[in-house]
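For reference, the structure is listed below as structure tokens.
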Amino acid sequence: MEGIGVTATSARGVTQHDLDNWFQYHTPTSEQLPKYEAIRGAGKQFALAILKNTPPGPDQTAAIRQVREAVMTANQCIACET
């Protein structure tokens, strides 16, 4: 399947197939579930490390937001098999 990978998509542009794949629900398989859990768990641990070791403020919020985005992008990679 075509995916959201920066290199592949950027080189050829976004296609209708890409949009169809990205914006549909992908039911997780039994093989994918532990992968989602591992990524979510690692993301949460990293976000907790940021929370516990940085002062509250906009940079802390941005750092945690980027962890959330990384987790979501990784999950999309699993779901879309890209």
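The values are calculated or read from the model by the stated rules, or taken from the named source; none is laboratory data. Computed from a prediction, not measured in an experiment: that's the story for all the values here. Methodologically, a virtual Cβ is constructed for each residue, glycine included, from the backbone with ideal geometry; neighbour enumeration extends over all protein chains shown.
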If I filter the stretch 19-52 down to residues being of a type in the set (Gly, Ala, Ser) and under 15 Å from the mean Cα position of the chain (by Cα), which single residue comes out as farthest from Arg68 (Cα to Cα)? Ala38
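Which residues, counting only those in the stretch 33-72, are among the polar types (S, T, N, Q) and not in a helix (DSSP H, G or I)?
Filtering the stretch 33-72 down to residues among the polar types (S, T, N, Q) leaves 45, 53-54, 60-61, 66.
Scanning the stretch 33-72 gives a single hit, Thr54.
If you go through the stretch 5-31 one residue at a time, how many are polar (S, T, N, Q), loosely packed, with under 12 Cβ neighbours inside 10 Å and at pLDDT 90 or above? Steps first, please.
Residues of the stretch 5-31 that are polar (S, T, N, Q), as a first pass: 7, 9-10, 15-16, 21, 24, 27, 29-30.
Then drop every residue that is not loosely packed, with under 12 Cβ neighbours inside 10 Å, which leaves 7, 10, 15-16, 24, 27, 29-30.
Next, only the ones that are at pLDDT 90 or above stay: 15-16, 24, 27, 29-30.
Adding up the residues that qualify gives 6.
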Could you please tell me which pairs satisfy a Cβ distance under 7 Å, a separation of 6+ or placement on different chains, a first residue in the stretch 35-57 that is closer than 21 Å to Asn75 by Cα, and a second residue that is in a loop (DSSP other than H, G, I, E, B)? Tyr36/Pro28
Pairs returned, first residue in the stretch 7-20 that is farther than 17 Å from Ala79 by Cβ and hydroxyl-bearing (Ser, Thr, Tyr), second residue that is surrounded by 11 or more Cβ atoms within 10 Å (Cβ to Cβ) and at pLDDT below 90, beta-carbon separation under 7 angstrom, 6 or more apart or interchain, are Thr15/Glu2
Look through the stretch 57-82, keep the residues that are of a type in the set (Val, Ile, Thr) and within 21 Å of Ala38 (Cβ to Cβ), and return whichever of them is surrounded by the fewest Cβ atoms within 10 Å (Cβ to Cβ). Thr73
